[in-house]
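Each reported figure results from applying straightforward, stated rules to the coordinates on display, with no laboratory input. These numbers come from a predicted model, not from an experiment. Every residue, glycine among them, receives a Cβ derived from its backbone with ideal geometry; neighbour counts consider all protein chains shown.
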Amino acid sequence: MSNRGLEGVVVADTELSKIYGEEGRLVYRGYEIEDLAENATFEEVCYLLLYGELPNSAQLTDFRRQLESERTVPGAVLDLLRLLPRDTHPMAALRTAASALAGFDPDARDMTEEANFRKAIRLTAQMPTLTAAWGRIRNGQEPIAPRDGLGHAANFLYMLTGETPDELRARTMDVAFTLHAEHGMNASTFAARVTVATLADMHSGLTSAIGTLKGPLHGGANERVMHMLLEIGEPDRAEAWVRDALARGERIMGFGHRVYRALDPRAPILRSLAMQLAAQGGDTRWLDIASRIESVMREEMDRRGKKIYPNVDFYSASVYYTLGIPTDMFTNVFAMARTPGWTAHMIEQLRDNRLIRPKANYVGPLDKKVQPIEKRG
Ligand code: SDX
């Protein structure tokens, strides 16, 4: 019997992050996620993932300048987005546009480590621009150009909404990016590593990762969590809704994890951000519904003896909704935040590369003979 879903199979060594599944801990290059969320910006975390250590002041200034200088995307790629049907899902639009960037990137075919570092920074910078542009183009509006002087996360909200976020909203977006930046050998990261392990290029690896993240069992869960909150609508309806869904054998989006057998450490940080935003805006409805869902799930899963807890997607949904991000763009936020993790893993894979090619256990028929077509059933 195969290791279904490769559960428990170790496919590589990595220096990028360690997940303590039983304890519910997450470490990026030796730093606890709570420490990074509290004391570092997303730009510092990107630098840490790519170069192995947090930047000093001069290094951070230079890195921020590099990111800022790489935010624009070619006009032809925006024209390509204008050709898409307006109801194209934002993750499909991102997958298409990110792939098209290769045609305009002078480093696209250069797989030296120096070129790959340049692309890692460039792609991290460009991903928010692509998503914000689609958010405008699909509404018949012109994209808003990136604005120098704004941080990476704040600039995304500015390009999407046309408004400069206040300190709380900018900081909330920044921390959410940090929490999504890296997470070991998750499905989309694995897809990226499998792709570049064939010596295909980094844009191909990024395109594989975006396509993989889109699925509701992975990055697509945050969008479905918001649909669940909207469908429930009121805290008092949460319990019945969850119990009915579980009785139908459905999965509750935003819960469970292949590795965590305790609370995903990113969830309480996102819950805290959601509470701060709710306090500022005075609307605690989505948080109240989420809390009721969490308590019903805890009771139900305890009763069933299952270690199923909220994951990163459960509270990110109400954070993004309150920030004014369209629900169908929630997974795009995950993708833009995960780009430093994906690209750092691709660079790590190429440092000690071997084609990734597992086996399959054949269970089909054998010894069959071809019959003339007129004799076939
Ligand atoms: C992410 O890997 C990563 O690191 C990913 C990620 C990252 O940062 O990159 O952390 C981001 O993808 C988080 C996960 C987002 N997905 C969801 O929220 C979708 C809902 N969750 C489930 O589909 C599920 O928990 C998975 C897919 C996340 C993990 O599933 P597994 O490890 O394959 O577990 P399983 O499907 O074998 O389920 C084991 C049992 C089953 O019950 P039994 O059949 O044994 O009776 O647990 C049950 C499942 O029915 N179960 C759930 C459940 N998740 C698992 N029951 C109800 N609701 C759920 N959400």
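Run through segment 242-303 and list the GluC sites (Glu not before Pro) located in a DSSP loop whose Cβ has at most 13 other Cβ atoms within 10 Å. Filter output for segment 242-303: E250.
Annotation note: GluC sites (Glu not before Pro) in segment 153-243 located in DSSP loop regions with a Cβ neighbour count of at most 12 within 10 Å are E163.
Remark on F255: its backbone amide H falls under 5 Å from those of N311, a criterion applied only to residues 5 or more positions apart or on other chains, H modelled at 1.01 Å from N. Bridgeable aspartates and glutamates around K214 (alpha carbons under 17 Å apart, same-chain partners fewer than 8 residues away excluded): D87, E182, E223, D313, D328. Simple spin-label estimate for R4 and R248 gives 2.3 nm between the two label positions (7 Å along the Cα-to-Cβ direction from each Cα). Its Cα centre serving as origin, the chain has a Cβ charge dipole (Lys and Arg +1, Asp and Glu -1) of approximately 1660 debye.
Per residue, the convex hull around the alpha carbon atoms of segment 62-138 comes to 82 Å³. FRET efficiency for the R86 to E374 pair, using the beta carbon distance and R₀ = 45 Å, is estimated at 0.30. A quarter of the convex hull surface defined by the alpha-carbon atoms of the chain gives 23.3 nm² as the mean projection. If I take all pairs of Cα atoms in segment 218-299, what percentage of them are more than 16 Å from each other? Tail fraction, whole percent: 55. The residue among Q66, Y47, G24 whose Cα reaches farthest toward the positive pole of the charge dipole of segment 9-68, with charges on the beta-carbon of Lys, Arg, Asp and Glu, is Q66.
Sites listed here are GluC sites (Glu not before Pro) in segment 41-121 whose DSSP assignment is loop and whose Cβ has at most 13 other Cβ atoms within 10 Å: E53. Can you find, among P216, H152, P372, the residue farthest towards the positive end of the dipole of the chain? Put +1 on the C-beta of Lys and Arg, -1 on that of Asp and Glu. Value computed over the given set: P372. For the chain, adding -39500 (n - 2.57) for each run of n ≥ 4 DSSP H residues and dividing by the number of residues yields -18000 deg cm²/dmol at 222 nm. Name the residues of segment 3-21 whose amide N is less than 15 Å from a point 7 angstrom out from the Cα of A262 along the C-beta direction? Residues passing the 15 Å test: 18-21.
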